[in-house]
1. Kirkwood Rh, the chain, all Cα pairs: how many Å?
2. Relative contact order of the chain, please, whole-number percent, based on alpha carbon pairs below 8 angstrom and at least 6 residues apart.
3. Among DSSP beta bridges whose residues both lie in the chain, state the antiparallel percentage, nearest 5.
4. What order do you get for 39-49, 83-93 when each peptide is scored by the mean count of other beta carbon atoms within 10 Å, highest first?
5. How do Ile132, Ile71 rank when sorted from fewest to most other Cβ atoms within 10 Å of their own Cβ?
6. State to the nearest 20 debye the size of the charge dipole of the chain about its Cα centre, where the only charges are +1 on K and R beta carbons and -1 on D and E beta carbons.
7. How would you rank Met55, Met122, going from fewest to most other Cβ atoms within 10 Å of each one's own Cβ?
8. Hey, rough spin-label estimate for Glu79 and Arg39, points 7 angstrom out along Cα→Cβ, what's it come to in nanometres?
Amino acid sequence: MNTENLQRYLDSFGKQVLKDANGILSSQKGNTALSKSIRFKVEKDSQGFSTKFYMLDYGTFVDKGVSGNKIKRGYINTEGFAASTPYSYKSKQPPANILAKWVAKKGLKGRDKKTGRYISNMSLAFLIARKIKRDGIQGISFFQKPLGIRYGELKNKLLNVLKLDIEMYLTTYTK
């Protein structure tokens, strides 16, 4: 059976989810590498078709957030409801050396509370990492929201797309 309409529709579905997710990420400054990494692939297998999405590993943490030691974090799931993040900081905190590179790139300068002198980038990075461990990272649902919205549309329109493929198959078969 010819399934080109279904495959084309799933490809359009993937493009729309990517466009919406990148739109949300572009409103959040500093997520260009993550935005560039998001991609999808429509694959045909023994069960039919599947649309698979890929992104940098840390994208899941940005999307769903990470709970801290003191504050629980959440995100908006694909059904549009608030959900608790499955991720949390327990004993480890974000690596200070990576944050130090980020601090240097952003040109941030920290000051000592007592004397007002500048502190090193590594010291500032350690303080930021400690705060992230304590408070966590709020999820921005940049992927969950668009996926949920587009999936709802997909469910509603999928039967029409399949109908077109079946009609094309019957027309071709009966000729």
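Nothing in this text is a laboratory measurement; each read-out follows from the coordinates by a stated rule. No experiment lies behind these values; they were computed from the predicted model shown. In this analysis, Cβ positions are derived from the backbone assuming ideal geometry, glycine residues included, and neighbour counts consider all displayed protein chains.
1. 19.2 Å
2. Value for the chain: 28 percent.
3. If I count the DSSP bridges inside the chain, around 95 percent turn out antiparallel.
4. Output ranking for 39-49, 83-93: 83-93, 39-49.
5. Ile71, Ile132
6. The dipole magnitude comes to about 1440 debye.
7. Ascending number of Cβ neighbours within 10 Å: Met122, Met55.
8. 3.3 nm
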